[in-house]
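The values are calculated or read from the model by the stated rules, or taken from the named source; none is laboratory data. As the structure is a prediction and not an experimental result, all values here were calculated from the model. With ideal geometry, Cβ positions are generated from the backbone for all residues, glycine too; neighbour counts draw on all protein chains shown. Heads up: the accessible areas ignore ligands, DNA and RNA and are worked out on the full protein's heavy atoms, side chains in. Shrake-Rupley method; radii C 1.70, N 1.55, O 1.52, S 1.80 Å.
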Amino acid sequence: MAMKKGKTLPCFIIQICAILCMTIMLVGVFSPTALATSPRVEVAGNVYEFGKDSHYEFHESDASSSSDDYDTYGTFFISGNMTNVGEHNGVPSYEVSDGNLVFFYNYGDTTLNADVDSWHLIEDKSKKVAGMTLSSNIMEGTIILQTSKDQKKWVNVNTITNAFSDTPVRTSSIYSTSEIQLLNGCFYRVIVAYELRIRTKDSNFLFINTDKYDYKKCAEVYEFYAYTDTGEADTVDPNQIYNLGSKVRAENFDGYSGSTTIDKKDVHYGWELGRFFVSGYTDEVANSNGDMVFLKNVGDKVTLWFKLNENINALRGNEKLSISADTEGYDQYFETPKMNFGRGVLIIRYTDHNNVSAEPTIYTNYLEANATVGADTKVQLFEEGDYEVALDYEITSDELIDKIGHYRIFFKFSVRNGNCMVYPFDVVTGSELTNSSMTENGFQLDLAMSRYLKVNIKREVLKESADGLAEDTRFNSPAKDGARYTDEGIYTITVQNEYTNQFTVKKIYVGTNGVLRAYMTTGLSIPEINLLLEQGATISDDGTIQLASATPPTDPPSEDEDVPMSAPESSSSNESETQQVEDEPDAIFPDFTIIVASICIVAFGIIVLIFLKKRKTPVHNSGSENEGDIDQ
């Protein structure tokens, strides 16, 4: 029994190990880290401490600690498809390959609910943080998110006050970057400011609480740079750009709709705030509505740019004329809700090939946060589709009674692929089928994202007729991207690009019929191929036609007929032999000396054999036996 148990113990251990391995694999597969679609990266920051009467002036202080070595209120992460590429101007730099970055400042309520003898959160009823004045009191913590184009002038893009009380525990995101920011490269800064207190002495005097406390104000500052490398140069070819849009004064003040004449009394008369233009296209045409259509080829990156001509704080060099913030604006055309437009709002709406319009993308405070005077600023890269763009902004003239006007730049344009190609692929092998290809499996159409091409497909088959096999059209209709065709027949695919007026025609054969293969390969008509087959021609697997032999076969001679002599053939044979003799005389007439020597050698060998046999034969008295030996 002991031996039996000893034998089963290793098997038991192996089973336990197998179960543990499976468990580890499952945990690895289904853990939150494995399920995460985008990696999270913790960004280190600097932590500053100030006294009770300060206003978090971290911008004036050099004394700080790393967040890695400090008991911060929470942890700052960024998430997205990014790669850390080192530093840019002294801060971490990240290249974003796709999409946007999402910001997280995750924290719990430990400090919020700590007892008085530990550092705990208290209300800060001031509104100032590092020279900024917030719209609300800080209270129990504030989170401020800023962006900058040059790391000098920072713009607030999101501010959360009383953050740790309103949301005691946070694991959700606090911000997501925009495409415009990453296209041009952007500095980001997250400021977390809060006040803490700890009791240092517990005392009472005549029933009055005289506890003593220490106070400190903390500012956690996280800063980094992020960008998207589009592969396009930051400068554009001035010979390959197209300007779009012009300014109008809005008739409907709040909704930026309608237009009125900009006369000489208007503050916007005679000058432009900036201009939009498109680059990265191959050609442009106007559609039936007069809107521009930009044609792109492979490798083209159609890009919309904006160039700001004026300092928005002093338009036309006048400090009393500026772009002001519209805090309760809406756009009637795009039907946006009322919101804080800030200093100029940029709105872009995309409509796809099915005429489905997406929700408009809104960039508030665009002129202050994204545009730089005199610089070409990327707005967006565009694929095929139709686009509507509007820039709404407010101008204020600082006078005894301020003059305020709302203005708008609006335009439409489209992007189309300039090619005129369709790509059929074998449904089984996946290989591309070129013109005149043949397949037994069928094919699938791929328009290579060219959604606006007109594609027509015709299928022809063979049918029995009075004259034999004849071609018959089964259908001739439009085709769509991804359509599959597996029925036997000859398919003629016609592609038209209505913007370039170009056509492309491809023929594909599906099936194994020899006549149709020959029709595809040779270009002959069906009646012509049928005629050749009647004359004895054959069709190869590749569709080529092998014609019948032109010389009729020779019948064998009958018994009554004289069989001709084959003299000419013999003569020819003799001539060939004669030629061979002339070419190789040594092979036919060997040297005489060699012949004589060979005969001598053979004779000598025979004599030696007779002599040896005679010695082995016993000697008898009978003479007849001796004579027999001699005869042998």
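Which of the peptides 219-225, 485-491 is most tightly packed, and how do the rest follow, judged by the mean count of other Cβ atoms within 10 Å per residue?
Output ranking for 219-225, 485-491: 219-225, 485-491.
Taking all protein chains into account, the per residue accessible area for the stretch 388-462 stands at 41 Å² (1.4 Å probe).
First compute the accessible area of the stretch 256-401 with a 1.4 Å probe, then give the percent of it belonging to carbon and sulfur atoms. Whole-percent figure for carbon plus sulfur exposure: 44.
Which of the listed residues, Tyr222, Asn209, Gly255, is farthest toward the dipole's positive end in the stretch 182-283, when Lys, Arg count +1 and Asp, Glu count -1 at the beta-carbon? Of the candidates, Asn209 comes out farthest on the positive side. In the stretch 353-451, a dipole from Cβ-located charges (positive for Lys and Arg, negative for Asp and Glu) runs towards its positive end, and of Gly442, Thr429, Phe413 it is Gly442 whose Cα lies farthest in that direction.
A straight Cα-to-Cα reach below 16 Å connects Lys403 with the lysines Lys264, Lys265, Lys320, residues fewer than 8 places away in its own chain not being considered. Per-peptide packing, taken as the mean over residues of other Cβ atoms within 10 Å, places 268-280, 363-375 in the sequence 363-375, 268-280 from highest down. Counting only Cβ charges, +1 for Lys and Arg and -1 for Asp and Glu, the dipole size of the stretch 293-384 around its Cα centre is about 300 debye. Listed by chain and number, the lysines whose C-alpha is less than 22 Å from the C-alpha of Lys217, apart from same-chain residues fewer than 8 away, are Lys52, Lys125, Lys127, Lys128, Lys201.
Computed from the Cβ-Cβ distance with R0 of 25 Å, the FRET efficiency linking Thr230 to Glu432 stands at 0.30.
Which loop GluC sites (Glu not before Pro) in the stretch 45-147, with loop taken from DSSP, have no more than 15 other Cβ atoms within 10 angstrom of their Cβ?
The qualifying sites are Glu57, Glu123.
Calculated FRET efficiency, Glu384 and Arg484, Cβ-Cβ r, R0 22 Å, to nearest 0.05? Computed FRET efficiency for Glu384 and Arg484: 0.45. For the stretch 200-305, a simple Cβ point-charge model (Lys and Arg +1, Asp and Glu -1, everything else neutral) yields a dipole of about 460 debye relative to the Cα centre.
Here's the list of lysines a cross-link from Lys378 could span, going by alpha-carbon distance under 24 Å and ignoring same-chain residues fewer than 8 apart: Lys149, Lys152, Lys153, Lys247, Lys296, Lys301, Lys307, Lys412. Given a Förster distance of 30 Å, report the FRET efficiency between Ala63 and Glu87 from their Cβ-Cβ distance, rounded to the nearest 0.05. It comes to 0.85. Reducing the stretch 276-313 and the stretch 112-153 to their Cα centroids gives an inter-centroid distance of 43 Å.
Over the stretch 217-332, average the accessible area per residue using a 1.4 Å probe and give it in Å², no decimals. Please list the in-between numbers first.
On the way: 5780 Å² over 116 residues.
Ligands and nucleic acids excluded, the figure is 50 Å² per residue.
The H on the amide N of Asn158, modeled in the peptide plane, is under 5 Å from the matching H of Leu145, each at least 5 residues off or on a different chain. Heavy-atom surface analysis with a 1.4 Å probe gives the stretch 89-201 a carbon and sulfur content of 43 percent of its accessible area. Packing-based ranking of 394-400, 340-346 yields 340-346, 394-400, ordered from highest to lowest mean Cβ neighbour count within 10 Å. Residues whose amide H comes within less than 5 Å of that of Thr336, counting only those at least five positions distant or on another chain, are Asp331 (H built at 1.01 Å from N in the peptide plane). About its Cα centre, the stretch 365-431 has a charge dipole of approximately 260 debye under the convention of +1 per Lys or Arg Cβ and -1 per Asp or Glu Cβ, with nothing else charged.
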